[in-house]
Amino acid sequence: MRITLAIAGALGVIILLAGEVTACASCVSTGTTGVHAEKYDRLFSIYTLIGGIVTLVVYGWMGWLLFKFRAKEGDFEPADAPKLGEIPKHRGDPAWTWAVTAGIFVILMGLTIGTIDMVNFYEDPDEGMASRQVTVKVTGAQYFWEFEYPSGNKSYDTLTVPTDTTVILKVTSKDVWHNFAVPALRLKIDAIPGDTEPNVIWFDASNTGEYPIYCMELCGADHADMKGTLVIVEPDDYTNLYDGGSA
Amino acid sequence: MNTVVLKRWLSTTNHKDVGLMYFFATLLFGFIGLALSLLIRLQLYQPNSGTALLDWGPGEPGEFYNSIVTMHGAVMVLFFASPLSFGFANYMVPLQIGAKDMAFPRLNAFSFWAFLLGGLVAASGFLLGGAADVGWTFYSPLTSLEYSPGNGVNLAGAGLVLLVMSVTASTINFIVTILNHRKPGMSLWDMPIFTWTMLFTVVLMLVIFPALLGALLMLVGDRIFGTMFFADSTNGSILWGHLFWFFGHPEVYVVLMPELGIVAEIIPVFARKPLYGKRYIIYSLIVGTALSVIVWVHHMFITGIDPLLREFMSVTTELISIPFGVLMICLIATLYGGRITFPTANLFALGAVALFVIGGVTGVFLSSAAIDYHLRGTYYIVAHFHYTLGPVVLGVVGGIYYWFPLMFGRFLDEKLGKIHFWGTVLGLLLFASLFVLTDMPRRVYIYDEVTWGSYNLVATIGAVIAFLAQLVFLYNLVRSLSHGEQAGSNPWGASTLEWSDSD
């Protein structure tokens, strides 16, 4: 009985850890592009590594306690075992508890520094490496995306941008709350109706390619169908399509 | 059922009776929520699965699916996990502190009936042309008359208002009972840990539920009386977001804390050692309760709010891991020097602690505003909160195995209990495959990305296994009520006073 218990426990731990490790950033099956994805994947790996170590240590310790102090034939009850109607004696070492608190605090604050650094990067389009900037207005609606380019031309569900460009998106909504998400860029932003200011995100379009766009906030019956495509093309192709006269 | 029995249960104000009614009513809601979850997982088991499963429901397939998702979330959190703990609290808290009954027994009965009516009203939408299909978060303006013309949102709103009435009455009742009705000589520090966690739970509820009530009344005003709180074209959506999440985030601690109390009752009994660091646990709960009301913006990191507020709430969210981390460590440290036995009740309690570690660690990822840019709204989130609420349910179900002999005089069957436990845990472990889907949107009823298929399939297999395990549990429960092994007084050798209760 106890052996099956131990085996089952060990199996559980292995499955869990395997699950956590495979939840790596490189598993984003819908593609990877841009400097945000690079930074994100690095930060995510750090979190995964530290989270994995913490999980392993806790599980190892808990497993050891369960094994070592399992009830065995001929064991005596511990002297301070619960007795009906008696208030159990206080048990615990403040020094030890403070050490755990401090340990968790240090780990978390270390992670926070990485986070704040990255949030500042997200905030500032001038961090982009590209030589020029293009601003596109993005408007969500049930159930499509509308993109308005600097020239005034519009496209629907397909956002086309040129390479070597920092693309700034000003995102809002026409009807209900949507969320503009491009997993390949590791970016998303809420598209909120009635906002006095549109929400802004930016990304560097580095290589050509096509990546899916999703709506990631429940927006109604056809939420599942509210999908689009981000197309990154050579600058010449972009100019012909959207920068010049008619689209 | 004859009329005498019926009249007795309809008119009872005894805290144990009310506790038992909560127990059975929440199990009913739990099985409704479970059936809905199975529908969700069957719909998503493969890419392009069609709409055959959804066509029989009211409205378009997408609407029906959304109402299933909405009601699964609302029922499981608000009408199952949290009130099941309240059932135990009704039964155990007065006994644990040596009170004769709750301070206001009739108010207590009122709480139960308002709760039951609330749940039934909210769920009745399924029979009345479509339940609420806007997500349990009820984001505005999708909830407005313009975008949700049906009755579903009205019914859910009415159900939730009834729930808030129930909760408000309950919180006052518990606070007065715990503070004023302890037996002579029992100081606050002497109270068993479950009573402690209930005290923090109800205090927190008293702080947050008014925000939900206010938001709901404004929503009802918009929908029925033509007011313009959220329908206003400027920032109405953000207003809803703040009001809802000021309630919605602490609500998870409202669900969590009683479960921690139950687990902290169970583990010492089966480890035969006193709870490690009870005082540190209580300090942690104080800090955790306080912090829990200043973290809600982590649900709104990408709404374009002030970056300073975002960084502040990012830090508070990471800080809240500390008290709950200390608490988990104390629970595990209790095992040290013990003589541990593993009946089903203890398996559930230990399983709850072990799996909650995963929920906690994956939650730290989400506290990072930067990482949230990618993970928000994806199946990673779904996996994460099923690894927090899943263990919570494990812990509360551990409470069922633990207190069943007290409530019904009989044991639940151990062999069936172990099948139930391992089936549930295996199901939850397979659900971990969803952590990988950091690019799959939540709340979609259909997807065509082939690469997402296998992970969804694994999760669906997990859901089916967990569902079958709950059927074993249901059989065990029904059978043990009349045929379970007779339990003597205090069969587990606990120290708390509910076990000295003689009738």
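The values are calculated or read from the model by the stated rules, or taken from the named source; none is laboratory data. All values reported here derive from a predicted model rather than from experimental measurement. FYI the Cβ positions are ideal-geometry reconstructions off the backbone, even for glycines, and counts take in every protein chain you see.
So which residues in the range B:99-113 are crowded, with 20+ Cβ neighbours inside 10 Å and either among the hydroxyl-bearing types (Ser, Thr, Tyr) or assigned to a helix (DSSP H, G or I) (or both)?
Within the range B:99-113, B:ASN108, B:ALA109, B:SER111, B:PHE112 qualify.
For the range B:223-235, what are the residues that are surrounded by fewer than 22 Cβ atoms within 10 Å (Cβ to Cβ) and either part of a helix (DSSP H, G or I) or within 14 Å of another protein chain (Cβ to nearest Cβ) (or both)? Steps first, answer last, please.
Looking only at the range B:223-235, we keep the residues that are surrounded by fewer than 22 Cβ atoms within 10 Å (Cβ to Cβ), and these are B:223-229, B:231-235.
The answer is B:ARG223, B:ILE224, B:PHE225, B:MET228, B:PHE229, B:ALA231, B:ASP232, B:SER233, B:THR234, B:ASN235.
Please go through (1) touching a Phe, Trp or Tyr at 6+ places or on another chain (Cβ under 7 Å); (2) modelled with pLDDT under 90; (3) not assigned by TED's automatic domain parsing to the domain that holds A:GLY51 for A:LEU84 and return the number of the only condition it doesn't satisfy.
Only one criterion is unmet by A:LEU84, namely (2).
Which one of these does B:VAL254 not meet: (1) part of a loop (DSSP other than H, G, I, E, B); (2) crowded, with 24+ Cβ neighbours inside 10 Å?
Single failed check for B:VAL254: (1).
Go through the range B:132-167 and count every residue that is closer than 16 Å to B:VAL75 by Cα and among the small types (Gly, Ala, Ser).
Counting residues in the range B:132-167 that are closer than 16 Å to B:VAL75 by Cα and among the small types (Gly, Ala, Ser) gives 8.
Could you run through the range A:153-176 and say how many residues are farther than 14 Å from A:TYR238 by Cα, away from chain B (no Cβ under 14 Å) and not in a strand (DSSP E or B)?
Residues in the range A:153-176 being farther than 14 Å from A:TYR238 by Cα, away from chain B (no Cβ under 14 Å) and not in a strand (DSSP E or B): 1 in total.
Taking the condition assigned to a helix (DSSP H, G or I), buried (at least 21 other Cβ atoms within 10 Å of the Cβ) and not acidic (Asp, Glu), does B:PHE247 pass?
Numbers: assigned to a helix (DSSP H, G or I): yes; buried (at least 21 other Cβ atoms within 10 Å of the Cβ): yes; not acidic (Asp, Glu): yes.
Yes, satisfied.
Only residues in the range A:26-54 that are more than 7 Å from every other protein chain (Cβ to nearest Cβ) and closer than 26 Å to A:ASP124 by Cα count as the first member; pair them with residues that are of a type in the set (A, V, I, L, M) and surrounded by fewer than 18 Cβ atoms within 10 Å (Cβ to Cβ), Cβ under 7 angstrom, at least 6 apart or cross-chain, and list the lot.
Short answer, once both residue conditions are applied: A:VAL35/A:MET129.
Quick check on B:ARG223: is it of a type in the set (Lys, Arg), touching a Leu at 6+ places or on another chain (Cβ under 9 Å) and at pLDDT below 95?
Numbers: of a type in the set (Lys, Arg): yes; touching a Leu at 6+ places or on another chain (Cβ under 9 Å): yes; at pLDDT below 95: yes.
So B:ARG223 fits the description; yes.
Given the conditions (1) free of Cβ contacts under 8 Å to residues at least 40 places away in the same chain; (2) assigned to a strand (DSSP E or B); (3) not hydrophobic (A, V, I, L, M, F, W, C), which single one is not true for A:GLY140?
Every condition holds for A:GLY140 apart from (1).
Sort out which residues of the range B:246-272 are over 17 Å from B:PHE88 (Cβ atoms) and more than 11 Å from every other protein chain (Cβ to nearest Cβ), and write them in order of number.
B:PHE246, B:PHE247, B:GLY248, B:HIS249, B:PRO250, B:GLU251, B:VAL252, B:TYR253
Is it fair to say B:TYR22 is of a type outside the set (A, V, I, L, M) and either closer than 14 Å to B:ALA131 by Cα or not in a helix (DSSP H, G or I) (or both)?
Working: of a type outside the set (A, V, I, L, M): yes; either closer than 14 Å to B:ALA131 by Cα or not in a helix (DSSP H, G or I) (or both): no.
The answer is no for B:TYR22.
Just to be sure, is A:ALA71 surrounded by 18 or more Cβ atoms within 10 Å (Cβ to Cβ), facing chain B (nearest Cβ under 7 Å) and of a type in the set (A, V, I, L, M, F, W, C)?
Details: surrounded by 18 or more Cβ atoms within 10 Å (Cβ to Cβ): no; facing chain B (nearest Cβ under 7 Å): yes; of a type in the set (A, V, I, L, M, F, W, C): yes.
In short, no.
Would you pick out the residues in the range B:243-285 that are among the aromatic types (Phe, Trp, Tyr) and within 12 Å of the chain's Cα centre (by Cα)?
So in the range B:243-285, the residues among the aromatic types (Phe, Trp, Tyr) come out as B:244-247, B:253, B:270, B:276, B:280, B:283.
B:TYR253 - this is the single residue of the range B:243-285 that is among the aromatic types (Phe, Trp, Tyr) and within 12 Å of the chain's Cα centre (by Cα).
Kindly establish whether B:PHE301 is outside any helix (DSSP H, G or I) and touching a Phe, Trp or Tyr at 6+ places or on another chain (Cβ under 7 Å). Spell out the reasoning first.
On the way: outside any helix (DSSP H, G or I): yes; touching a Phe, Trp or Tyr at 6+ places or on another chain (Cβ under 7 Å): no.
Taking the combined requirement at face value, the residue does not satisfy it.
What do you reckon, is B:THR460 at pLDDT 95 or above, within 25 Å of the chain's Cα centre (by Cα) and on the phi < 0 side of the Ramachandran plot?
On the way: at pLDDT 95 or above: yes; within 25 Å of the chain's Cα centre (by Cα): yes; on the phi < 0 side of the Ramachandran plot: yes.
For B:THR460, the condition - at pLDDT 95 or above, within 25 Å of the chain's Cα centre (by Cα) and on the phi < 0 side of the Ramachandran plot - is met.
Residue check, B:LEU179 against (1) free of Cβ contacts under 8 Å to residues at least 40 places away in the same chain; (2) surrounded by fewer than 19 Cβ atoms within 10 Å (Cβ to Cβ); (3) in the same structural domain as B:ALA89 (by TED's automatic domain parsing); (4) closer than 30 Å to A:ASP222 by Cβ, all met but one. Which one?
For B:LEU179, the exception is condition (4).
Quick check: anything in the range A:132-151 acidic (Asp, Glu) and in contact with a Phe, Trp or Tyr (Cβ under 7 Å, 6 or more places away or on another chain)? Steps first, please.
Initial filter on the range A:132-151 (acidic (Asp, Glu)): A:146, A:148.
Then drop every residue that is not in contact with a Phe, Trp or Tyr (Cβ under 7 Å, 6 or more places away or on another chain), which leaves A:146.
Yes - at least one qualifying residue is present in the range A:132-151.
Restricted to the range B:317-338, and to residues that are over 16 Å from A:TRP98 (Cα atoms) and of a type outside the set (Val, Ile, Thr), which residue is modelled with the lowest pLDDT?
B:GLU318
Being facing chain B (nearest Cβ under 10 Å) and either under 21 Å from B:ILE358 (Cβ atoms) or touching a helix residue (DSSP H, G or I) at 6+ places or on another chain (Cβ under 9 Å) (or both) is true for just one of A:PHE121, A:PHE76. Which residue is that? Full working, then the answer.
Numbers: A:PHE76 fails: either under 21 Å from B:ILE358 (Cβ atoms) or touching a helix residue (DSSP H, G or I) at 6+ places or on another chain (Cβ under 9 Å) (or both).
Checking each option against the conditions leaves just A:PHE121.
If you check B:VAL153 against the conditions, is it within 14 Å of chain A (Cβ to nearest Cβ) and part of a helix (DSSP H, G or I)?
Values: within 14 Å of chain A (Cβ to nearest Cβ): yes; part of a helix (DSSP H, G or I): yes.
So B:VAL153 passes the test.
Can you tell me which residues in the range A:97-113 are more than 8 Å from chain B (Cβ to nearest Cβ) and either at pLDDT below 90 or surrounded by 14 or more Cβ atoms within 10 Å (Cβ to Cβ) (or both)? First the steps, then the outcome.
Kept after step one, since they are more than 8 Å from chain B (Cβ to nearest Cβ), are these residues of the range A:97-113: A:98-99, A:102-103, A:106-107, A:110, A:113.
A:GLY103, A:ILE107, A:GLY110, A:ILE113 - these are the residues of the range A:97-113 that are more than 8 Å from chain B (Cβ to nearest Cβ) and either at pLDDT below 90 or surrounded by 14 or more Cβ atoms within 10 Å (Cβ to Cβ) (or both).
What is the one condition in (1) more than 9 Å from chain A (Cβ to nearest Cβ); (2) more than 18 Å from A:THR101 (Cα to Cα); (3) part of a helix (DSSP H, G or I); (4) touching a Ser or Thr at 6+ places or on another chain (Cβ under 8 Å) that B:ILE294 does not satisfy?
Only one criterion in (1) more than 9 Å from chain A (Cβ to nearest Cβ); (2) more than 18 Å from A:THR101 (Cα to Cα); (3) part of a helix (DSSP H, G or I); (4) touching a Ser or Thr at 6+ places or on another chain (Cβ under 8 Å) is unmet by B:ILE294, namely (3).
With respect to the numbered conditions (1) surrounded by 21 or more Cβ atoms within 10 Å (Cβ to Cβ); (2) closer than 24 Å to A:MET118 by Cβ, which one is the sole condition not fulfilled by A:HIS223?
(2)
Please go through (1) within 24 Å of the chain's Cα centre (by Cα); (2) in the same structural domain as B:VAL134 (by TED's automatic domain parsing); (3) more than 20 Å from B:VAL77 (Cβ to Cβ); (4) surrounded by fewer than 22 Cβ atoms within 10 Å (Cβ to Cβ) for B:SER187 and return the number of the only condition it doesn't satisfy.
(1)
Sort out which residues of the range B:431-451 are surrounded by 23 or more Cβ atoms within 10 Å (Cβ to Cβ) and more than 7 Å from every other protein chain (Cβ to nearest Cβ), and write them in order of number.
Once the filter is applied, which keeps residues that are surrounded by 23 or more Cβ atoms within 10 Å (Cβ to Cβ) and more than 7 Å from every other protein chain (Cβ to nearest Cβ), the range B:431-451 yields B:PHE431, B:LEU434, B:LEU437, B:MET440.
Report yes if A:THR139 is in contact with a Ser or Thr (Cβ under 7 Å, 6 or more places away or on another chain), crowded, with 19+ Cβ neighbours inside 10 Å and within 12 Å of another protein chain (Cβ to nearest Cβ), otherwise no.
Numbers: in contact with a Ser or Thr (Cβ under 7 Å, 6 or more places away or on another chain): yes; crowded, with 19+ Cβ neighbours inside 10 Å: yes; within 12 Å of another protein chain (Cβ to nearest Cβ): no.
It is false that A:THR139 is in contact with a Ser or Thr (Cβ under 7 Å, 6 or more places away or on another chain), crowded, with 19+ Cβ neighbours inside 10 Å and within 12 Å of another protein chain (Cβ to nearest Cβ).
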